[in-house]
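A quick write-up on the structure given underneath.
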C-alpha cells in the first residue's frame, strides 16, 4: 500500500499572536512617551527662555548697571537695606545721549551744560505691598530741585516727583547694598509661580530667578 503524503502548513498559534501584539503595543507606547516628553521638554524650555521673568531680569539688570555707572561717587542713599523690599537713590548729571527726564529751563547756557553738582536722580523701588499682590520693580527718574546742596538733600522728598517706568513684575524681593567704596549691588528675586498658566503643564511653566548685579559709580562732582 502506497504511503500517503500529507502537506502540513505551519501557522501562528494564539499565544504567539498575543505576544507579538503585546510587544507591538509596548513599543508604540514607548515611542509615544518619548515623543510626548520630548515635546513637553521643548515647550518648557521655550517658555522659560522666552518668559517674562527672563526678559524682566535682563532689563532690570541693564538699566541698573547703566544708571549706577554714570552716578556720582560722592553720595548714594540706600533706604531699608535690611528689608526684602529696598529703595535706592542715585545722583548723576544730565546725559544728552540718554535723556531720562525733561531738560530744565537753563538759567544760562554755561550753568545748564556744566552744573556745579549732579542735577538728576534715579530711584529704584518696589511697589507698596498693600497696594498690589503682584509686586513690581520701578525706576523713577527726575530732577533735583535747584539750589539744594547735594549733601543736605533729603531723598524722601524726591519721591513721586519724576517719571516712573516699570522694570520687572513678579518681584519676591529686591535688596540694595553698598559692597565697596563706590560699588552698589542689587539682589533681585523674581518668581511667577504664584500665577501659573492654567493648563496641564502649569508647574513646568513657572520660573524663579535670582539676579545679582554689581556696578561701580564713576562720576565725581565737577569743580
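The values are calculated or read from the model by the stated rules, or taken from the named source; none is laboratory data. Bear in mind the structure is a predicted one, so any value in this text is a computation, not a measurement. All Cβ positions, glycine included, derive from the backbone under ideal geometry; neighbour counts span all protein chains shown.
A few notes on this one:
- Condition check for residue 60 on (1) assigned to a helix (DSSP H, G or I); (2) closer than 30 Å to residue 155 by Cβ; (3) at pLDDT below 90: one failure, at (3).
- Where a residue in the range 50-74 is surrounded by 15 or more Cβ atoms within 10 Å (Cβ to Cβ) and its partner, wherever it lies, is in a helix (DSSP H, G or I), with Cβ under 9 Å and at least six apart: 51/205; 54/48; 72/150; 74/150; 74/151
- Taking each residue of the range 2-31 that is assigned to a helix (DSSP H, G or I) and looking for partners that are modelled with pLDDT under 90 and surrounded by 10 or more Cβ atoms within 10 Å (Cβ to Cβ) with beta-carbon atoms closer than 9 Å, six or more apart or interchain, yields 20/12.
- Within the range 194-223, the only residue that satisfies the criterion of being surrounded by 17 or more Cβ atoms within 10 Å (Cβ to Cβ), outside any loop (DSSP other than H, G, I, E, B) and at pLDDT 90 or above is 215.
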